[in-house]
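The values are calculated or read from the model by the stated rules, or taken from the named source; none is laboratory data. Since this is a predicted model, take the numbers as computed values, not measurements. Heads up, the Cβs are rebuilt from the backbone with ideal geometry, glycines too, and the neighbour counts pull from every protein chain shown. The accessibility values were calculated without ligands, DNA or RNA, using every heavy atom of the protein model including side chains. Shrake-Rupley method; radii C 1.70, N 1.55, O 1.52, S 1.80 Å.
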Amino acid sequence: MKRLSAILLVWWVGILSEAGMMPRKMTTLIVVHHSATLTGNAEVFRRYHVNVRHWADIGYHFVITREGKIEAGRPEHLIGAHALTGRSYNRNPFSVGVCLVGKDTFTDEQIKALICLLVRLCRTYHINPLDSRPKHGIEGHHERCPGPGLDLEKIKKEVFKALYKEKRAE
């Protein structure tokens, strides 16, 4: 009976792992995406990821709407399903995924919300936004994502300045 229980446990962990619904053991990276759609929100993307892609949940941990509202996606402590491709390695096990709704341009409200969210995430996970080592810092999904309308290098500097101001104020 113990052997059967062990086999079932391994099978169940395998299913959860395949679905990406395992807890993330460490977080060293934040990956910024764009939806490549003009509209949408966390619930719309969740339905697409679950019903069309057959994932266990939405792939992103956060979605920022055109109005600048930060919506929760997949629970933050779980491995996402947002960065399997785009680099030569799978970044999901150690990253948080943030998706901006839009194609090539983003609203001022989205940029402000993104900076606020990135500051919180960097503070929570002790991430240096300017860290350029592989698997660390903040990066786009790939060279065309999060889109040409987002200067991610400038945003990373803004996040760094905000974090530095907080440390000096303490």
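A few comments on the model shown:
- Complete set of residues in the stretch 87-123 that are open to solvent by 70 Å² or more (accessible area, probe 1.4 Å) and at pLDDT 95 or above: Asp108, Glu109, Lys112, Cys116, Arg120, Arg123
- From the list His126, His142, the lone residue that is closer than 13 Å to Val32 by Cα and exposed (fewer than 15 other Cβ atoms within 10 Å of the Cβ) is His142.
- Pairing residues of the stretch 40-60 that are under 16 Å from Ile79 (Cα atoms) and assigned to a helix (DSSP H, G or I) with residues that are of a type in the set (A, V, I, L, M, F, W, C) and open to solvent by less than 40 Å² (accessible area, probe 1.4 Å), at Cβ distances under 6 Å and at least 6 apart in sequence or on separate chains, gives Arg46/Ile58; His49/Ile58.
- Unmet requirement for Met26, which otherwise passes all of (1) among the aliphatic types (A, V, I, L, M); (2) in a loop (DSSP other than H, G, I, E, B); (3) surrounded by 15 or more Cβ atoms within 10 Å (Cβ to Cβ): (3)
- Of the residues screened, Gly137 is not one that is in contact with a helix residue (DSSP H, G or I) (Cβ under 9 Å, 6 or more places away or on another chain), under 20 Å from Arg53 (Cα atoms) and not charged (D, E, K, R).
- Listed by first and then second residue, the pairs linking a residue in the stretch 151-170 that is in a helix (DSSP H, G or I) to a residue that is open to solvent by 90 Å² or more (accessible area, probe 1.4 Å) and modelled with pLDDT of 80 or more, with Cβ atoms under 7 Å apart and 6 or more places separating them unless they lie on different chains, are Leu163/Arg123.
- Total residues in the stretch 50-65, condition charged (D, E, K, R) and open to solvent by 70 Å² or more (accessible area, probe 1.4 Å): 1
- Applying the criterion of being in contact with a Ser or Thr (Cβ under 6 Å, 6 or more places away or on another chain) and hydrophobic (A, V, I, L, M, F, W, C) to the residues of the stretch 29-49, the residue that is surrounded by the most Cβ atoms within 10 Å (Cβ to Cβ) is Val31.
- Checking Gly40, Gly73, Gly80 one by one, the residue that is out of contact with any strand residue (DSSP E or B) (no Cβ under 6 Å at 6 or more places or on another chain) and not hydrophobic (A, V, I, L, M, F, W, C) is Gly40 and no other.
- Among the candidates Gly147, Gly97, the residue that is outside any helix (DSSP H, G or I) and at positive phi is uniquely Gly147.
- Single condition Leu84 does not satisfy, out of (1) surrounded by fewer than 18 Cβ atoms within 10 Å (Cβ to Cβ); (2) at pLDDT 95 or above; (3) part of a loop (DSSP other than H, G, I, E, B): (2)
- Of residues in the stretch 145-162 being open to solvent by 20 Å² or more (accessible area, probe 1.4 Å) and in contact with a helix residue (DSSP H, G or I) (Cβ under 7 Å, 6 or more places away or on another chain), the one nearest to Ile64 (Cα to Cα): Glu158
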